[in-house]
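K.L.:
Structure provided below as structure tokens; questions to follow.
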Amino acid sequence: MLLFLFSVFDQSTKAWQAGERKIDAFREARAALFIIRRDLRSSLISDDSPMVYNQLAASIPFSGALAPPTTGSNLFFLTRLPLNAQGSGNASDLCSAGYYVSWMRSAAGSDEAANFSYNLVRYFVPSGAPTATNGTVAHLLGFMAAGSPPTDLTILFPRVSSTVSPENEVLARNIIKFDLIPFTENGSGLQPANPGALTETPRLVEITLTVVNNATAAKLGDSQAGWNPSTSPLRRLIEENTQTFRARLALTP
């Protein structure tokens with residue numbers, strides 16, 4: 001009887017752990033959407049502090065061992081966050097934020113091995129201390145002093161990297177699709193913004209985040225080709241184990 005009860009308990013525990021592994025990535029995606037929306041609500045966009053949409057590879061060079069992503073949306077902007085959301089030693093609420101997808105090795109969990117996947121990365125630089133040279137305030141002053149109008153985005157958003165660092169934090173793993181598209185308004189109504197440096201606040205931003213669970217990610221392997229839902233030999237597995245999260249956020253000019 002004891003052996004039977006132990007066997008039942010062991011199987012139940014394994015089933016619970018497997019279920020947890022499947023939903024871990026979905027929890028991360030939900031949390032990531034919350035953070036993106038918080039950053040965007042307080043975005044600060046003007047001629048001197050543009051929102052940079054889908055221009056990462058061309059305008060903001062990557063550093064690190066891995067190549068930058070070639071698909072998906074990238075969005076970088078200035079925002080305002082309270083001091084208690086920035087860490088210690090900062091002088092104002094002005095921060096830099098950005099979101100992009102990068103191919104990198106995920107950290108190993110307690111019951112799973114580390115493996116490569118597409119990860120959603122948040123780029124974040126706090127305001128900096130009054131005399132700091134590496135905070136957002138110093139970056140903005142250097143950007144404005146570099147030209148009229150300023151154009152060198154590497155000054156405004158430095159140290160964007162495809163490796164984890166203080167400025168580049170993984171928010172969600174196992175990304176199949178990430179679209180973060182600002183919409184502007186003209187005589188024809190709402191239209192997706194053209195890629196580039198936006199100097200006016202968009203009317204709204206649409207966020208789409210599609211992920212696979214950790215159990216499926218482990219089967220896709222460490223090759224980027226295996227993660228392409230159009231050409232992967234495991235595309236049926238991808239289709240059956242994805243979940244898509246969407247949100248629309250209206251922005252106030």
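The values are calculated or read from the model by the stated rules, or taken from the named source; none is laboratory data. Please read all numbers here as calculations on a predicted model, not as lab measurements. Every residue, glycine as well, gets a Cβ built from its backbone with ideal geometry; the counts of neighbours run over all protein chains shown.
Yes or no, residue by residue, for (1) touching a Ser or Thr at 6+ places or on another chain (Cβ under 9 Å); (2) among the aromatic types (Phe, Trp, Tyr); (3) farther than 25 Å from residue 105 by Cβ:
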residue: 190; (1), (2), (3): yes, no, yes
residue: 193; (1), (2), (3): yes, no, yes
residue: 199; (1), (2), (3): yes, no, yes
residue: 202; (1), (2), (3): yes, no, yes
residue: 225; (1), (2), (3): yes, no, no
residue: 241; (1), (2), (3): yes, no, no
residue: 248; (1), (2), (3): no, no, yes
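K.L.:
Turning to a different aspect of this structure: Do you know which of the residues in segment 164-174 that are in contact (Cβ under 8 Å) with a residue 12 or more places away in the chain and not small (Gly, Ala, Ser) is surrounded by the fewest Cβ atoms within 10 Å (Cβ to Cβ)?
P.N.:
Here the answer is 169.
K.L.:
Taking segment 202-221 as the region of interest, how many residues are assigned to a loop (DSSP other than H, G, I, E, B) and within 20 Å of the chain's Cα centre (by Cα)?
P.N.:
Adding up the residues that qualify gives 2.
K.L.:
Restricting the search to segment 209-220, which residues are free of Cβ contacts under 8 Å to residues at least 40 places away in the same chain and either closer than 16 Å to residue 101 by Cβ or surrounded by 16 or more Cβ atoms within 10 Å (Cβ to Cβ) (or both)?
P.N.:
210
Table: residues versus (1) under 20 Å from residue 29 (Cβ atoms); (2) touching a residue at least 40 places away in the same chain (Cβ under 8 Å); (3) assigned to a strand (DSSP E or B).
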| residue | (1), (2), (3) |
| --- | --- |
| 130 | no, no, no |
| 140 | no, yes, no |
| 155 | no, no, no |
| 159 | no, yes, no |
| 176 | yes, yes, yes |
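K.L.:
In a strand (DSSP E or B), under 18 Å from residue 76 (Cβ atoms), out of contact with any Pro (no Cβ under 9 Å at 6 or more places or on another chain) and modelled with pLDDT under 90: is that true of residue 171 in this structure?
P.N.:
no
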